[in-house]
Amino acid sequence: MEIDEQEFDLRFGAVAQRRAPSSPGSVASQLESLRRERSMTLQTLSKATGVAASTLSKIERDELSPTISTLQKITSGLGIEMSDLFTFQSEGDLSHGRRSVSRAGEGRTHQTKSCANVLLCSEIKNKKMVPIYTTVIARSLEDYPTWARSDGEIFLMVISGRMELHSEIYEPLELGPGDSVYYDARSSNAWISVGDTDAEVVWVMTA
């Protein structure tokens, strides 16, 4: 069942206690730092990104782990790369012949209630696509406070396990190892694992 982030905040976040200050380099501290560098309030950032101010506030306080689609909205509104939310380090941008390698076990990690994500080759700036390795933890649509949606397109291939792709347009699609799908992510969608084993997928989202 789909509920929006503001409704989720009202149901589950009204009495949430403030956590300890977020650690340097975390998504929470990065977002707050980038917002303050631009002299933006939560309200002006909300208008620029399309993400509710209450949701942005919870992310900055490290009380909510944003989905990849929410991170994409935030970075698009700020005019930055998604990797900028995971590190302060700035790498040189090569205009020709650039390359990045992510070895097994490497990458920028980001976990939500539904997925454990690893952003691959994240040090390259101005990418035209964002490659991600994901373990799908969700077993039910109830694990999603809100379904994912972005302005781009997604290519996904299942590496192991089985999963279902749910969409507001199509019937649920079950995928197994070696199966792949390409779809327009402007329609709300969600992934869940099927069976006892978490599905592992590699997917690419247009930047």
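List, in order, the whole-Hz ³J(HN,Hα) value for each residue of the stretch 74-80 obtained from phi through the Karplus relation with A = 6.51, B = -1.76, C = 1.60 and θ = phi - 60°; use x for Gly and Pro.
After applying 6.51 cos²θ - 1.76 cosθ + 1.60, I find 5, 5, 5, x, 8, x, 10 Hz.
First select every other residue whose beta carbon is under 13 angstrom from the beta carbon of Asp151; then total the charges, Lys and Arg +1, Asp and Glu -1. Spell out each step's value before the answer.
Working: positive: Lys73, Arg149, Arg186; negative: Glu153, Asp184.
Here the count lands on +1.
Taking only protein heavy atoms into account and a 1.4 Å probe, give the accessible area per residue of the stretch 149-207 in Å². Let's see the in-between values first.
Values: 3010 Å² over 59 residues.
Accessible area per residue, the stretch 149-207: 51 Å².
Under a Cβ-Cβ cut-off of 10 Å, what is the net charge of the residues other than Lys73 that fall near it, where Lys and Arg count +1 and Asp and Glu count -1? Display every interim value, and only then the final one.
Numbers: positive: Arg149; negative: Asp151.
That sum, taken over residues with Cβ under 10 Å, equals 0.
Ignoring any ligand, DNA or RNA, what whole percent of the accessible area of the stretch 128-207 comes from carbon and sulfur when the probe is 1.4 angstrom?
Working: 2180 of 3980 Å².
Whole-percent figure for carbon plus sulfur exposure: 55.
Could you run the Karplus curve 6.51 cos²θ - 1.76 cosθ + 1.60 with θ = phi - 60° over the stretch 171-176 and give me ³J(HN,Hα) per residue in whole Hz, x for Gly and Pro?
Rounded to whole hertz, the list is 5, x, 10, 8, 10, x.
Could you tell me the calculated FRET efficiency between Leu173 and Thr206, based on Cβ-Cβ distance and R0 = 22 angstrom, to the nearest 0.05? Working shown, then result.
Working: r = 20 Å, r/R0 = 0.91.
The formula returns an efficiency of 0.65 here.
Whole-Hz ³J(HN,Hα) for each residue in the stretch 162-169, computed from phi via Karplus 6.51 cos²θ - 1.76 cosθ + 1.60 with θ = phi - 60°, x for glycine and proline: what do you get?
For the stretch 162-169, the Karplus curve yields 10, 9, 10, 9, 9, 9, 6, 9 Hz.
As an exercise, use a Förster radius of 30 Å and the Cβ-Cβ distance of His96 and Tyr182 to find the FRET efficiency, rounded to the nearest 0.05. Could the numbers behind the result be given before it?
On the way: r = 28 Å, r/R0 = 0.93.
In this case the efficiency is close to 0.60.
The values are calculated or read from the model by the stated rules, or taken from the named source; none is laboratory data. Since the model is a prediction, treat every value here as computed from it, not as a measurement. Positions of Cβ are backbone-derived with ideal geometry, glycine not excepted, and every protein chain shown enters the neighbour counts. Just the protein is used for accessible areas: all its heavy atoms, side chains included, with ligands, DNA and RNA removed. Shrake-Rupley method; radii C 1.70, N 1.55, O 1.52, S 1.80 Å.
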